[in-house]
Amino acid sequence: MKEFLNIGLGIVMFLFLITIHEGGHFLGAKLSGIKVNEFAVGMGPKIWGKQGGETLYSFRALPIGGYVMMEGEETDSEDSRSYNNSKPWKRFLTILAGPATNLIFAVLIFLIINLSTGVVSNKIESFSENSPAQQAGMQIGDEIKSVNGSKIRIFPEIGDNLNKSKDKNKVEVVVKRAQKELKFDIVPQEMEGRKVIGITPLVEKGFLPSLGNAFNLTIFIMVQIWTSLIGLFSGVLGLEQLGGPVAVIGQVSTVASMGFDKFLFFAAMISVNLGFFNLIPIPALDGSKLLFITIEMITGKPINRKFEQIISIIGFLFLIGLMIIVTIKDVIKLF
């Protein structure tokens, strides 16, 4: 019974994040004066709908997405307020508003969590026994600024850069101490397959540290997504390392049992994924539409509608095919 509740919770979370995304498009269209014919939550047959002014608000039978149907988005319209008759910058902002809303939502959730639990800073509060960092000369209160030349904004980046180090014997760590920057060569330890330098971070409280960490954490997750995509297309990562909606929903059970703050953190991470992935210029995603509009603004000529539709169909089929493969893989893992 609990498993079914967690699956339901996962579906609701996924649908909520997609609704936030589509809500961004809806708000962008309304602010830009573009006519919206329908704002739908879910896909497939309509199970409920209510007309509000010029817009139909509906719930659809399949909880796998949602959409904002704008006048003139798919086919040309004579309406002066249609998508196709709107200025490029208005269309650009309307499309951008979807991914941006997901990213803003994630920042707000991270901020709320940080205000509640505190921010894990880059400052050292204590050392573990036989700490490599302490043996190298680092002290309590030192603030880690970089690892192997890579700037450190949030604590997880320390471990990330330690494990990216090609030199197995040592890493270069720069810290700030009493307004001075000091450099240390540290020989990390191996613990459960990961490199560690034996430090415990200081947890800070306050609005500004919480807000700064929320922004930096969002950026960190986007960088991780981009790195994974490059790895996928370059062959470094395989499809077996990807997870689809089934895998995400399956993880909800584990995350939910760890506490409400962990569930919120997980939802914010998925929101970053949804927002950032849609900004990538893959046909059928928001990123490709933004690219086409940008070309139009530079050249002064719109992209041929038929060409854009063909490219979008190809991209859509590619994404659907990838989703089917990943979903089958996820389902097989369940048995």
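We did not get these values from a lab; they are worked out from the coordinates using the rules stated. The shown structure was predicted, so the numbers you read here are calculated from the model rather than taken from an experiment. Note: ideal-geometry Cβ built from the backbone for every residue, glycine included; neighbour counts use all protein chains shown.
Tally Lys and Arg at +1 and Asp and Glu at -1 over the other residues with C-beta under 15 Å from the C-beta of W226: what net charge comes out? Overall, the nearby charge balance is -1. Using a simple spin-label model with pseudo-atoms 7 Å out from Cα toward Cβ, N130 and L62 lie 5.7 nm apart. Taking the chain as a Gaussian network of alpha-carbon nodes connected by springs under 10 Å, the highest mean-square fluctuation of the residues S121, S210, S228 belongs to S228. Computed over neighbours whose Cβ is under 13 Å from that of A40, the net charge equals +1, Lys and Arg +1, Asp and Glu -1. Top mean-square fluctuation among L96, L15, L229, Gaussian network model of the chain, C-alpha springs under 10 Å? Ranking L96, L15, L229 by mean-square fluctuation puts L229 first. Taking the chain as a Gaussian network of alpha-carbon nodes connected by springs under 10 Å, the highest mean-square fluctuation of the residues T299, T117, T19 belongs to T299.
For segment 120-204, the calculated P(r) over all alpha carbon pairs, in 10 Å bins from 0 to the bin holding the longest distance, is 19, 60, 20, 1 percent. With contributions of -39500 (n - 2.57) from each DSSP H run of at least four residues, the per-residue ellipticity at 222 nm computed over the chain stands at -18500 deg cm²/dmol.
Can you tell me how much longer the chain between K46 and E204 gets when fully stretched, taken as 0.36 nm per residue apart minus their C-alpha distance, in nm with one decimal?
52.0 nm
Could you pull out which residues in segment 196-210 have an amide N less than 20 Å from a spot 7 Å beyond the Cα of K151, following the Cα-Cβ vector? Inside the label zone: 208-210. Annotation: amide H-H contacts under 5 Å for Y83 (H modelled 1.01 Å from N, sequence separation of 5 or more, or interchain): K35, E71, G72, E73. Residues F276, F184, arranged from fewest to most other Cβ atoms within 10 angstrom of their Cβ, appear as F184, F276. On the beta carbon distance between M69 and I280, with R0 = 22 Å, the FRET formula returns roughly 0.40. Against the chain, whose longest principal axis comes from its Cα atoms, helix 2-32 is set at around 60 degrees. Once you list every other residue whose beta carbon is under 13 Å from the beta carbon of P201, what net charge do they have if Lys and Arg are +1 and Asp and Glu are -1? That works out to -4.
Per residue, the convex hull around the alpha carbon atoms of the chain comes to 188 Å³.
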